[in-house]
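The structure appears below as structure tokens.
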């Protein structure tokens, strides 16, 4: 596996699983290694149905999740599909994206469908619209701190 030398994108994916199926990074790695013959899990982060964030491939390495931008992106995968993600998953997605934007200033956050015409429904929502709503004005971390920490 190669080190990623630049980071231009964060690519949001879905595992395309039904609501009753809560897989984890270990299972997705098995899919990728045994069934797709990858050398490792393709995504850098997995967000389970309960909102738990799990590490996948080392974030310093090139991913295997969006062919056109693997060399310049970090891949985050939500377990489920666009019509069945949980509020906890969206909160974790917000947090990991904020962290990655802090690590890689100027990075663009996109959906898999934005760079892969054969995947028009991945992750199942318009990531660019979600980003505008999620990151313009209202700060979830600040709100949670104020609400729960006084």
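Odds and ends about this structure:
- Label separation (residue 87 vs residue 50): 1.8 nm, computed from points 7 Å beyond Cα along the C-beta direction.
- Exposure proxy shown here: for 130, 31, the number of other Cβ atoms within 10 Å sets the order, fewest to most, as 31, 130.
- For the chain, the longest principal axis of the alpha carbon atoms and the long axis of helix 140-149 meet at an angle near 50°.
- Percent of beta bridges antiparallel (DSSP, the chain, rounded to nearest 5): 25 percent
- Between helix 87-103 and the chain there is an angle of about 80 degrees, using the helix long axis and the longest principal axis of the Cα atoms.
- Efficiency of FRET from Cβ geometry, residue 148 and residue 58, R₀ 30 Å, rounded to 0.05: 0.40
- The share of alpha-carbon pairs in the stretch 29-76 lying farther apart than 11 Å comes to 65%.
- Just checking the listed ones, 99, 17, 86: in the Gaussian network model of the chain with Cα springs under 10 Å, the one fluctuating most is 99.
- Size descriptor, Kirkwood hydrodynamic radius, that averages inverse alpha-carbon separations across the chain, Å: 15.6 Å
- Two-site label geometry, residue 67 and residue 3: point separation in nm, points 7 Å out along Cα→Cβ: 2.8 nm
- GNM flexibility winner over the chain from 132, 26, 119 (Cα, springs under 10 Å): 132
- Listed by Cβ neighbour count within 10 Å, with the fewest neighbours leading, 74, 69 appear as 69, 74.
- By the helix-only formula, in which each DSSP H run with n ≥ 4 contributes -39500 (n - 2.57) and the sum is divided by residues, the chain has a 222 nm mean residue ellipticity of -8500 deg cm²/dmol.
- Relative contact order for the chain, counting Cα pairs under 8 Å that sit 6 or more residues apart, in percent: 30 percent
Taken together, the values in this text are just the output of simple stated rules run on the coordinates, not laboratory data. Here the structure is a predicted model, which is why all the values come from computation and not from measurement. Note that we place each Cβ from the backbone using ideal geometry, even for glycine, and neighbour counts take in every protein chain shown.
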